[in-house]
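The values are calculated or read from the model by the stated rules, or taken from the named source; none is laboratory data. Nothing here was measured: the structure is a model prediction, and the numbers come from that model. Virtual Cβ from ideal backbone geometry, glycine too; neighbours counted across all protein chains shown.
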Amino acid sequence: MSVLTVKAIAFQPLKQRLFSQTPSSDTSFEWLSTLLVQQTNSITSMLSDHEQLKIKRHFLCSTMIDLPFTTGDISWSKVSAMLNASGENQADTFINAYECASWGFSLRHYLQHDQQGTPRFLLVSIIDANIFDLEFWRYNENWHESGFGITTVLLEVNGTITDELLTQCASTHNSMAEFATVIRRHATNKKDVTLAMPFFPEHIQQMFNKLLVNQTCLPDLHTDWGHCFGSDPWLSILNHCQENPVLKEQEFLACSLALNGYFSIAQVKVTPQTQFILQEVKGHE
Amino acid sequence: MSNVIKHEYLGQLLSVPFENKPSAALARCMPLSSDNDFTVFANLPCSDAPVLINFIEHYQILNELVLLANELWPQELTILIRISMPGGMRLPASLLANNVLLMQDIQPEVEKLTGKVTHLLTIDDNFIRYQLEQGHNKISINLHSLANNQHVNFSKFIAKLEHFNIGAK
């Protein structure tokens, strides 16, 4: 069984348009930071004081939030200060270089430097929000409709990681097919593992279905949610486990693929105690 | 931490990094369609520093620096690199290796890892690769090391920067 246990997944859906009029980046990030802090607190408040002390890291990842930082409209130190003014265990490092696979690479970094033998917790949040309400991010020929939201996953690491986490980059330019093939090879020796794949339009789903015909996959939710970037596999697990309450431990392969070919695949365990929180959608329209 | 020795370098990209070599025009702008798209882009801040480098050249420099660092410190080296997105193209394999972390702002990780890893190399550049990017073409390179004889290696590493027209501030 995987030594990575999902203790909680929360998803805060965001509307395409966040505000009636696009405010300053400072105001946008104040609003988003409040939502992220609330989400983090809703998860950590379920833990005992003793368990909260075991939280070692909180990474914030994104695929499409870059323009406010790149153009110098806002700095990460400012956003970090907004988050960390609100108490313990808030996100402190922002990673978007690996696009939709950023959550896996941040997890790899943590595990690389993790010297502790005792069970410990870490938080990974994924935020994708159309801060400037740009058309490019509403719909894109690569993934069609986008879905926006904030996800926070609380993971427990209990033991030594062996092959639970795969972070790689495609070596070909057909990264979709290569990604599916890597998943197939990786899943071959694993029993009773269900795949939680990224959400893509019909033609890409068909390719995944054909290449992963012998694997069990959770349904693609692109029609319901659009492509929610790095959040997809976590939203997929959340959705499935809310509809089918977890009666005994189950294992999933959370899989994310970035446009530039980076991918993250994590084998995680869900238990009857895992908390799933689907929040009410926020934003303008 | 008292047992950590810090080596510091502050430099500047002085001109194009690869003189007399053609440079691909890779700068792109996302397609703009709605009135709001144009309003947003018209109001974004911008730098007055010259654009001297493109994505390929930037990644080529980082790739060569990371490969050299891996040679100079073959064991127990952790590298933190500031990368501003969008990336424009696929990153070289050396930057995706598991002793490297790429992020928007390296400071939080520097604070966490200084003194925890034997050699912590940080590469923090603000080279502008297209018109909308903010920065002044500066680069800051630091080594936080628990070993006390790293001066020669650090100097060898910094010497490499001259090849790319990067000079000390």
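The numbered conditions (1) more than 27 Å from A:Tyr262 (Cβ to Cβ); (2) within 11 Å of chain A (Cβ to nearest Cβ); (3) out of contact with any helix residue (DSSP H, G or I) (no Cβ under 7 Å at 6 or more places or on another chain); (4) not hydrophobic (A, V, I, L, M, F, W, C) are all true for B:Pro86 except (1). Note on region A:69-91: residues that are within 16 Å of the chain's Cα centre (by Cα) and over 17 Å from A:Ile150 (Cβ atoms) amount to 0.
Scanning region B:109-146 for residues that are touching a His at 6+ places or on another chain (Cβ under 7 Å) and under 17 Å from B:Ala49 (Cα atoms), we see that the one that is modelled with the lowest pLDDT is B:Arg129.
Looking at A:Thr172, A:Thr118 in this structure, which one is surrounded by fewer than 17 Cβ atoms within 10 Å (Cβ to Cβ) and not assigned by TED's automatic domain parsing to the domain that holds A:Arg17?
Just one listed residue meets the conditions, A:Thr172.
Got at least one residue in region B:13-36 being within 11 Å of chain A (Cβ to nearest Cβ), surrounded by 13 or more Cβ atoms within 10 Å (Cβ to Cβ) and not in a loop (DSSP other than H, G, I, E, B)? Within region B:13-36, one or more residues are within 11 Å of chain A (Cβ to nearest Cβ), surrounded by 13 or more Cβ atoms within 10 Å (Cβ to Cβ) and not in a loop (DSSP other than H, G, I, E, B). Cβ separations smaller than 9 Å between residues 6+ apart or across chains give the following pairs from region A:100-120 residues that are in contact (Cβ under 8 Å) with a residue 12 or more places away in the chain to residues that are aromatic (Phe, Trp, Tyr) and in a helix (DSSP H, G or I): A:Cys100/A:Phe229; A:Trp103/A:Trp234. So is B:Leu80 under 13 Å from the mean Cα position of the chain (by Cα), at pLDDT 95 or above, within 30 Å of A:Ser28 (Cα to Cα) and of a type in the set (A, V, I, L, M, F, W, C) or not? So B:Leu80 passes the test.
Please work out which one of (1) within 23 Å of A:Ser77 (Cα to Cα); (2) without any contact (Cβ under 8 Å) to a residue 12 or more places away in the chain; (3) facing another protein chain (nearest Cβ under 9 Å); (4) surrounded by fewer than 16 Cβ atoms within 10 Å (Cβ to Cβ) is the condition B:Pro45 fails and give its number. In the conditions (1) within 23 Å of A:Ser77 (Cα to Cα); (2) without any contact (Cβ under 8 Å) to a residue 12 or more places away in the chain; (3) facing another protein chain (nearest Cβ under 9 Å); (4) surrounded by fewer than 16 Cβ atoms within 10 Å (Cβ to Cβ), B:Pro45 misses (2) alone. The sole residue among A:Phe121, A:Phe94 that is under 17 Å from the mean Cα position of the chain (by Cα) and away from chain B (no Cβ under 11 Å) is A:Phe121.
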